[in-house]
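None of the figures in this text is laboratory data; all of them are computed from the coordinates on show. Remember, predicted model here, so these are calculated numbers, not experimental data. Glycine gets a Cβ as well: all are built from the backbone with ideal geometry, and neighbour counts include every protein chain shown.
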Amino acid sequence: MKQRGVRRAILIGGGIAGPVLGMFLRRLGVEVTIYEAREALVESEGAFLGVAPNGMNVLVELGIAGAVQARGALCEGLRFENARGRRIGEIDQREAARRFGAGLVMIRRGALQAALAEEAVRRGVEIRYGMRLADIDRSDPRAVVARFDEGGEGGEAGEARGDVLIGCDGFRSRTRARALPDAPAPGYTGLIDFGGFARCPSAPLSPGWNVMVFGRRAFFGAFAAPDGEVWWFHNSGEPEAGGALAPGSLRERILASHEGDPGWIADVVRATPEVLGPWRLHDILTMPRWHAGRVCLIGDAAHAATPHAGQGASLAMEDGMLLARCLRDAAEPEQAFAAFERLRRPRVEAIVRQARRNGSRKAVAGPVAEWLRDRALPLFLRIGAAAQERAYAYRIDWEARVA
């Protein structure tokens, strides 16, 4: 099907939202080029994430869910414990495929990005690396021009002209800064994130399960992959003004944060060859608008969520599918962008708020706060499980027309 209003699309950012949107636009016959600032895609980079059932269902529609799942592992469930190792809740995911159409897949970020990029290229999406956005020219009402810094492919600055430009470039979005300069900056949540991969046979973890520990001073999550590797992350409080941490101090910092917590946490951290991070966690609770003229933002560029709801990647995938559908059905790009924002804003902003609430319980200031939090955790977990079910059950019907 040839999209009547959009023949050529410029996508800024080749992480998750960009390739997914690109594949849906190719289905409509649109010529798509993704411009990615990184010099190359490195499959081993980054930590890991979960693609929730609602995100996997987007990949089902594209016909690539199996290829993505093959690079990751199905999550059978989540167990929650307190600092004394006592189980305080559980969310069983073993029936997720039957209930929601797909399961929860844990996957390394680099592996997910590689799978999406490879399939996008196979379907005719061009991806150009080493292309950092410098400016956007919207002076022509019939088109948009992206200009790039020197150092792109060929070592020279360049520009691209298209019918639309979509910012898929994350919470530090250059697209947002240039097209919507009055947009609020992402807000720092007060939490810092570390992660890693380890071989630790002594850790009491069941393959396929995520164990989440609300420790005395910090939060620790660990997933036991089927091959025996432990994928883990750590969240703790950190003032915004905190400077960069020396690499040698990362492990010691994490170990100190979990002193008095279950001993297997320290075993996993010590067994980790390389501690990843730190990453200070930011979100965007709301923005006045997501588009300007022929430019639109999707994914974290528009509504960044912290990892605490496990929905960042899945929301980006949903965005790509729904925006393509809006561009298919609207007479003009501006109409498509307005419809996209109207349809998406209530869902994504609710999840961003839920993620911030979830994160607020991960780090406590002292024993009294810990005691109060632990008493309230069973209720919080029930509320969180209900919110998770609502998020998982969401489906986009590709065939439905956008009103």
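Filtering region 156-181 to residues that are in a loop (DSSP other than H, G, I, E, B), touching a residue at least 12 places away in the same chain (Cβ under 8 Å) and either touching a Lys or Arg at 6+ places or on another chain (Cβ under 9 Å) or more than 23 Å from Met321 (Cα to Cα) (or both) leaves Ala157, Asp163, Asp169, Leu180.
Residues in region 43-97 that are among the aliphatic types (A, V, I, L, M) and part of a loop (DSSP other than H, G, I, E, B) were compared, and the one that is nearest to Gly110 (Cα to Cα) is Ala47.
Among the residues of region 1-42, the ones that are under 15 Å from Tyr129 (Cβ atoms) and either of a type in the set (Phe, Trp, Tyr) or surrounded by fewer than 17 Cβ atoms within 10 Å (Cβ to Cβ) (or both) come to 5 in all. A single entry from Ala316, Ala331, Ala338, Ala309 fulfils the requirement of being touching a residue at least 40 places away in the same chain (Cβ under 8 Å), under 24 Å from Ala117 (Cβ atoms) and among the hydrophobic types (A, V, I, L, M, F, W, C): Ala316.
Taking the listed residues Val352, Val348, Val368, the one that is surrounded by fewer than 15 Cβ atoms within 10 Å (Cβ to Cβ) and assigned to a helix (DSSP H, G or I) is Val368, with no other qualifying.
Within region 295-314, being closer than 18 Å to Ala336 by Cα, small (Gly, Ala, Ser) and not in a helix (DSSP H, G or I) holds for one residue alone: Gly299. Within this structure, Met317 passes the test of being under 30 Å from Arg27 (Cβ atoms) and assigned to a helix (DSSP H, G or I).
Candidates in region 351-381 are the residues that are charged (D, E, K, R) and touching a residue at least 60 places away in the same chain (Cβ under 8 Å); of these, the one that is nearest to Asp319 (Cα to Cα) is Arg353.
Here is a yes/no grid of residues against (1) acidic (Asp, Glu); (2) within 20 Å of Glu61 (Cβ to Cβ); (3) crowded, with 23+ Cβ neighbours inside 10 Å:
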residue	(1), (2), (3)
Gly320	no, yes, yes
Ala331	no, no, no
Ala336	no, yes, yes
Glu341	yes, no, no
Asn358	no, no, no
Arg361	no, no, no
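If the condition is being in a strand (DSSP E or B) and either aliphatic (A, V, I, L, M) or over 25 Å from Leu28 (Cα atoms) (or both), then region 122-137 contributes Ile127, Leu133, Ala134, Asp135, Ile136, Asp137. Checked against (1) more than 23 Å from Gly320 (Cα to Cα); (2) in contact (Cβ under 8 Å) with a residue 12 or more places away in the chain, Arg98 meets all criteria but (2).
Restricting Arg86, Arg99 to residues that are over 17 Å from the mean Cα position of the chain (by Cα) and under 30 Å from Asp374 (Cα atoms) narrows the list to Arg86.
Here Asp193 meets the list (1) part of a loop (DSSP other than H, G, I, E, B); (2) within 24 Å of the chain's Cα centre (by Cα); (3) not aromatic (Phe, Trp, Tyr) almost entirely, failing just condition (1).
How many residues does region 258-281 contain that are more than 22 Å from Arg199 (Cβ to Cβ) and crowded, with 19+ Cβ neighbours inside 10 Å?
2
Right, Glu252: among the charged types (D, E, K, R) and either outside any helix (DSSP H, G or I) or within 30 Å of Ala183 (Cβ to Cβ) (or both) or not? No, not satisfied.
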